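Inspection log for the structure reproduced underneath, given as structure tokens.
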Amino acid sequence: MISMRNDFRIGDQEYRFFKKRDILAYLIFFAVIIFVIFSFFGNNTGDKITVLIGGKKTYEFDKNTKGVYALKNDANDFLMNLVIEENGIYIRDSACPLKICEKHGYLSRNFDAIVCVPQKVIIRFSENEKIVEDLKYDIITK
């Protein structure tokens, strides 16, 4: 008969494979791994693409409307072109000096954002107004 004991003995020392707190630690570890996998590798995008310029929601596009859209501020100055494709969205022909927003590449998942600090533009996917309200206060820098 096979013994299913949790401990064994070497000389006078007694050892255990698992303790109760070890099992709890393993469960927490696997729960975190599963959360990370679903958060980062799931291709869940919102239904709309929201563009905030100067903190105001200026444009909203449906993610299925493919094309190139010129983004302009309130003074009708050209800021950049937003390209919507099947793989995601990206920026082309930005008017800012460093063009970091162009180098960002494709935006294809929630929790990603394209940010252009000189132009004060934030572009991200959103499913509802709550996500846009969450962007109201971001970070205060000096």
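Just one of the numbered conditions (1) out of contact with any Phe, Trp or Tyr (no Cβ under 6 Å at 6 or more places or on another chain); (2) open to solvent by 100 Å² or more (accessible area, probe 1.4 Å); (3) at pLDDT below 85; (4) not basic (K, R) is not true of N87: (1). The set of residues in segment 47-58 being in contact with a Lys or Arg (Cβ under 8 Å, 6 or more places away or on another chain) and either surrounded by fewer than 12 Cβ atoms within 10 Å (Cβ to Cβ) or not hydrophobic (A, V, I, L, M, F, W, C) (or both) consists of D47, K48, T50, G54, G55. Among the residues of this structure, F61 counts as one that is open to solvent by less than 60 Å² (accessible area, probe 1.4 Å), out of contact with any Asp or Glu (no Cβ under 6 Å at 6 or more places or on another chain) and not basic (K, R).
Considering L82, L71, the condition of being modelled with pLDDT of 90 or more and farther than 20 Å from N110 by Cα is satisfied by L71 alone.
Tallying residues that are modelled with pLDDT of 70 or more and of a type outside the set (V, I, T) within segment 112-133 yields 9. Scanning segment 90-126 for residues being surrounded by fewer than 13 Cβ atoms within 10 Å (Cβ to Cβ) and touching a Ser or Thr at 6+ places or on another chain (Cβ under 9 Å) gives a total of 1.
Let's see how each residue does on (1) at pLDDT 70 or above; (2) charged (D, E, K, R):
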position	(1), (2)
I2	no, no
D22	yes, yes
A25	yes, no
I34	yes, no
N44	no, no
L52	yes, no
F78	yes, no
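The values are calculated or read from the model by the stated rules, or taken from the named source; none is laboratory data. The shown structure was predicted, so the numbers you read here are calculated from the model rather than taken from an experiment. For neighbour counting, all protein chains shown are included, and Cβ atoms are generated from backbone atoms with ideal geometry for every residue, glycine included. Protein only, heavy atoms only, side chains kept; ligands, DNA and RNA dropped before computing areas. Shrake-Rupley method; radii C 1.70, N 1.55, O 1.52, S 1.80 Å.
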